[in-house]
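Below: one structure, written as structure tokens.
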Amino acid sequence: MTLDRREILRLAGVGCAALAAGVRPADAELAPSPASADSWAVLMDTVACIGCRKCEWACNVENRLSDAPASTFDNLKVVDAPRRPEHDSFTVVNRFRSPADRDHSWTVKLQCMHCADPACASACLVGALAKDQTGPVTYDAWKCIGCRYCMVACPFQIPAYEYNKPVQPQVRKCTFCAPRLAEGRSPACVAICPNEALTFGRRQVVLDAAHTRIQASPGRYFPHVYGESEAGGTSWLYLAPVEFAYTGLPALDDEPIPHHTERIQHAIFKSFVPPLALYGVLGLVMHALRGDNGHQENTSG
Amino acid sequence: MAEHHGPKPVKTPFMSRGTLVLIALALAGGACYLYRMVFGLAAATNLDNQWPWGIWIAIDVASGVALAAGGFTTAALADIFHKEKYHAIVRPALLTAMLGYTFVVIGLLADLGRYYNVWHPMLPSMWQGNSVLFEVGICVMIYLSVLYIEFLPIVAERFMGRVNLPGPLRIFNRVVDSWLIVCHRFLGRFISLFIIAGVVLSCLHQSSLGTLMVIAPTKVHPLWYTPALPALFLMSAIAVGFPMVIFESILASRSFKLRPERELLSGIAMYTPVLLAAYLAVKIADLVERDAVRYVFEGSLQSVMFLIEVGLGVVAPMVILLSKRARNSIAGLFTASSLVIFGVALNRINVFLISYRPLYPEKSYFPSPFEILVTVGLISTLVLVYRAIVMIFPVIAAAPEAAPREVVVTAPASEPEGATR
């Protein structure tokens, strides 16, 4: 079969057009959140929280994080300087003060938000991080290669790394006490909270409870449930007395973070059509231009 | 080309004052690499939970991959678009890409917390198709294999029919020889399939490397955060391909006292201003489109770095290479190609480090001496291996420096190759 050069170049042109058509935003193909409608959630009420750090202690014991004695957690001064979750502390409580009235303060418990559509899980190249349909974002250390792309991706900057370990370092973060959930128990921090600042339940139920609280005492709460829609929604939800700029929680829009990359990624790799089309186009060009510039060397079509 | 010289192993002593310096740097880097492996990332690096990625990702991996782009751009030019006269530069570019990617992987292993799990993405049970990094990893793995396959004909050409392994290994002479013959025959017929695959794989992962940071919309500075990052990464990789070949070729001819292939280099330098202009146009259009122009002159570290990147690394070499006189002089070619390389490497450093703003910064990041020495050591080792390979295999095609005429370039006492990467 012989095609003349013009014909081949025309085919190549058609191929390029197909390529351009193929590489288009592919919104429809973005996977929905793996979390089921009745997945677990926790509401953190920063107004009810008294900053007692019992949750930090319970978390430490439950996850065997450090051998710090229980008395360490009696020091309530530390909540005044903002802390971040670390590889050996999955949750921390920080105090924030009203800029107008320094005596008016509230305490915010931080831990992994367990996003409905987690950026860390989308980033992870080996699927070590994954969203369980019951709510937790789980980590399988055995799969992990330690690239720390999850830490780059997390919009809440939660995953911490065991940089100090030369071998078997892990990405460490709140597990939502997944093993306890599987046994039908609530997370350790929720179970110990003395002031019902933490409410555990099915996400929709918890969300309804949050809105009921806002309606019942409008002066007490800023009228927004943080996590209801931020970054596509999270399993941990927050109520605050002021706007959330004063809680240390990041301002995020409603788009799930993974959509930013997956839209591009899935457009380029849609059924491998664009890469194969590029291969075909280059093959045709190679064939058509053969012998164009003087001697043919070791190229075969 | 009247005088056509086929590629031959370069005849030059391996040791020189330059190589001694490189060996010292390579040893220092190797010691630091070992230190990181034994004592861990906390001991060797300044990385922390705020700064999960440092120069090993920004320079060794991201810049390394970009600067190895000469391999696929020259292959596309000479083998796919059949500009046959440029065949002389395909082999050096291929070798650079092959070594470049090899050292990208070695650098990456230092950064990975569980480097011994680096093979995990090959297991279908762990495939994660939503991950940009998965795509980059798989493409780089396949492309690295393709590069080694593309290099096989050069090995066959050198040793086919004269395999002479040392000592007791000589019993394998026949086996190795017949294997080389098989490679030669098979690749002689099917090399095109691999060449095209190499170009496709390069386009895929060069662009996806840009997609990586798109997952951090709240952390990456708006001067660089754009969904167009993959397009910009691909365009800049294509633009830096030929300058990298020019840069290396000039350094190699100085170091090996060969006549620079000035005509060829001026030839490929013609494409560079066009490619840079296209890259610059998309970059500016993207800034305007996203209303991010106002950040260019905000006076922050980011804005200064952006201006250096674009002004010195894109606009300046583009203007220089528009001049025919500059294109036809070794000095002009060398200056312009160095600037393009600087610009693209700085772009990768900007995207992965300078633009990265942790949400809760406790301190800023500056690489530790160990991180810097590992990076410098890897680059030095790469140059040494390159030198050894071109002395063993027929890679470089150039005439020995003729005594008279030509803008004679005298070899400096110490080779300035240190910067090759």
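Criterion first (within 13 Å of chain B (Cβ to nearest Cβ), over 13 Å from the mean Cα position of the chain (by Cα) and under 30 Å from B:I55 (Cα atoms)) does A:C144 satisfy it?
When the stated conditions are applied, A:C144 passes them.
A:Q168 is checked against (1) without any contact (Cβ under 8 Å) to a residue 40 or more places away in the chain; (2) out of contact with any helix residue (DSSP H, G or I) (no Cβ under 8 Å at 6 or more places or on another chain); (3) more than 30 Å from B:G210 (Cα to Cα) and fails just one. What number does that condition carry?
Every condition holds for A:Q168 apart from (3).
What's the number of the only condition in (1) touching a helix residue (DSSP H, G or I) at 6+ places or on another chain (Cβ under 6 Å); (2) within 21 Å of B:R348 (Cα to Cα) that B:M141 fails to meet?
For B:M141, the failing item is (1).
For the range B:215-235, enumerate the residues that are more than 10 Å from every other protein chain (Cβ to nearest Cβ) and polar (S, T, N, Q).
B:T226
Quick check on the range A:167-183. Is at least one of its residues farther than 19 Å from A:G233 by Cα, more than 9 Å from chain B (Cβ to nearest Cβ), of a type in the set (K, R) and not in a loop (DSSP other than H, G, I, E, B)?
Looking through the range A:167-183, at least one residue is farther than 19 Å from A:G233 by Cα, more than 9 Å from chain B (Cβ to nearest Cβ), of a type in the set (K, R) and not in a loop (DSSP other than H, G, I, E, B).
Given the conditions (1) surrounded by 19 or more Cβ atoms within 10 Å (Cβ to Cβ); (2) among the small types (G, A, S); (3) closer than 30 Å to B:Y279 by Cα, which single one is not true for B:A156?
Of (1) surrounded by 19 or more Cβ atoms within 10 Å (Cβ to Cβ); (2) among the small types (G, A, S); (3) closer than 30 Å to B:Y279 by Cα, only one is false for B:A156: (3).
Of all residues in the range B:140-151, which are among the hydrophobic types (A, V, I, L, M, F, W, C), within 13 Å of another protein chain (Cβ to nearest Cβ) and crowded, with 22+ Cβ neighbours inside 10 Å?
Scanning the range B:140-151 gives B:V140, B:V146.
Looking for whichever is closer than 20 Å to B:T218 by Cα, within 9 Å of another protein chain (Cβ to nearest Cβ), among the aliphatic types (A, V, I, L, M) and crowded, with 24+ Cβ neighbours inside 10 Å here; the options are A:A128, A:A119, A:A160. Which one fits?
A:A119
With respect to B:A66, determine if the residue is away from chain A (no Cβ under 11 Å), over 30 Å from B:G188 (Cα atoms) and either outside any loop (DSSP other than H, G, I, E, B) or among the hydrophobic types (A, V, I, L, M, F, W, C) (or both).
No, not satisfied.
If a residue must be in contact (Cβ under 8 Å) with a residue 40 or more places away in the chain, within 14 Å of another protein chain (Cβ to nearest Cβ) and small (G, A, S), how many such residues does the range B:72-117 contain?
Counting residues in the range B:72-117 that are in contact (Cβ under 8 Å) with a residue 40 or more places away in the chain, within 14 Å of another protein chain (Cβ to nearest Cβ) and small (G, A, S) gives 6.
Just wondering, is there one or more residues in the range B:359-366 that are at pLDDT 95 or above and of a type in the set (K, R)?
No, that holds for no residue.
Considering only the range B:201-214, I want to know if a residue exists there that is more than 14 Å from every other protein chain (Cβ to nearest Cβ) and in contact (Cβ under 8 Å) with a residue 12 or more places away in the chain.
Within the range B:201-214 (the criterion being more than 14 Å from every other protein chain (Cβ to nearest Cβ) and in contact (Cβ under 8 Å) with a residue 12 or more places away in the chain), the answer is no, since none of the residues qualifies.
Scan the range B:27-38 and give yes if some residue there is farther than 21 Å from B:V376 by Cβ, within 14 Å of chain A (Cβ to nearest Cβ) and surrounded by fewer than 22 Cβ atoms within 10 Å (Cβ to Cβ), otherwise no.
no
Condition check: among the hydrophobic types (A, V, I, L, M, F, W, C) and within 30 Å of B:A110 (Cβ to Cβ). Does A:A178 satisfy that?
Criteria not met by A:A178.
State which residue is nearest to B:V385 (Cα to Cα) when the search covers only the range B:5-26 and only residues that are surrounded by 16 or more Cβ atoms within 10 Å (Cβ to Cβ) and hydroxyl-bearing (S, T, Y).
Among those residues, the one meeting the criterion is B:T19.
Pairs, please: C-beta under 9 Å, at least 6 apart or cross-chain, first residue crowded, with 20+ Cβ neighbours inside 10 Å and in the range B:256-281, second modelled with pLDDT of 95 or more and aromatic (F, W, Y)?
Note: pairs meeting the criteria are B:L265/B:F242; B:I268/B:F242; B:A269/B:F242; B:T272/B:F242; B:L275/B:F242.
Tally up the residues in the range B:119-137 that are buried (at least 19 other Cβ atoms within 10 Å of the Cβ) and either β-branched (V, I, T) or more than 9 Å from chain A (Cβ to nearest Cβ) (or both), please.
Total satisfying the criteria: 2.
Give the residue that is farthest from A:P118 (Cα to Cα), with candidates limited to residues of the range A:253-273 that are in contact (Cβ under 8 Å) with a residue 24 or more places away in the chain, outside any helix (DSSP H, G or I) and more than 7 Å from chain B (Cβ to nearest Cβ).
A:D254
Looking at this structure, is B:I181 of a type in the set (A, V, I, L, M), in a helix (DSSP H, G or I), away from chain A (no Cβ under 11 Å) and under 30 Å from B:Y115 (Cα atoms)?
For B:I181, the condition - of a type in the set (A, V, I, L, M), in a helix (DSSP H, G or I), away from chain A (no Cβ under 11 Å) and under 30 Å from B:Y115 (Cα atoms) - is not met.
Okay, residues lined up against (1) charged (D, E, K, R); (2) assigned to a loop (DSSP other than H, G, I, E, B):
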{"position": "A:L207", "(1), (2)": "no, no"}
{"position": "A:I214", "(1), (2)": "no, no"}
{"position": "A:R220", "(1), (2)": "yes, yes"}
{"position": "A:L249", "(1), (2)": "no, yes"}
{"position": "A:L278", "(1), (2)": "no, no"}
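Just wondering, is there one or more residues in the range B:193-210 that are surrounded by 16 or more Cβ atoms within 10 Å (Cβ to Cβ) and in contact with a Ser or Thr (Cβ under 7 Å, 6 or more places away or on another chain)?
No, the range B:193-210 has no match at all.
Has the range B:236-254 got at least one residue that is surrounded by 19 or more Cβ atoms within 10 Å (Cβ to Cβ) and within 14 Å of another protein chain (Cβ to nearest Cβ)?
Looking for residues that are surrounded by 19 or more Cβ atoms within 10 Å (Cβ to Cβ) and within 14 Å of another protein chain (Cβ to nearest Cβ), one finds at least one in the range B:236-254, hence yes.
Given the conditions (1) out of contact with any Gly (no Cβ under 6 Å at 6 or more places or on another chain); (2) on the phi > 0 side of the Ramachandran plot; (3) within 10 Å of chain B (Cβ to nearest Cβ), report the number of the one that A:E196 does not fulfil.
(3)
Looking at A:R213, A:R220, can you tell me which residue is among the charged types (D, E, K, R), over 29 Å from the mean Cα position of the chain (by Cα) and either closer than 20 Å to A:T46 by Cα or within 14 Å of chain B (Cβ to nearest Cβ) (or both)?
None of the others qualify; the one that does is A:R220.
In the range A:37-67, which residues are buried (at least 20 other Cβ atoms within 10 Å of the Cβ) and under 21 Å from the mean Cα position of the chain (by Cα)?
Of everything in the range A:37-67, those that are buried (at least 20 other Cβ atoms within 10 Å of the Cβ) and under 21 Å from the mean Cα position of the chain (by Cα) turn out to be A:S39, A:W40, A:A41, A:V42, A:L43, A:M44, A:C59.
Could you grab me the full set of residues in the range A:69-96 that are assigned to a loop (DSSP other than H, G, I, E, B) and surrounded by 14 or more Cβ atoms within 10 Å (Cβ to Cβ)?
Correct list: A:P82, A:R83, A:R84, A:P85, A:H87, A:D88, A:F90, A:T91.
Scan the range A:109-135 residue by residue and report those that are among the hydrophobic types (A, V, I, L, M, F, W, C) and part of a strand (DSSP E or B).
Result: A:L110, A:C115, A:L129, A:A130.
May I ask you to say which residue of B:I354, B:I372 is closer than 27 Å to A:E86 by Cα, away from chain A (no Cβ under 14 Å) and surrounded by fewer than 19 Cβ atoms within 10 Å (Cβ to Cβ)?
B:I372
The values are calculated or read from the model by the stated rules, or taken from the named source; none is laboratory data. Small disclaimer: the values here were computed from a predicted structure and weren't measured. In this analysis, Cβ positions are derived from the backbone assuming ideal geometry, glycine residues included, and neighbour counts consider all displayed protein chains.
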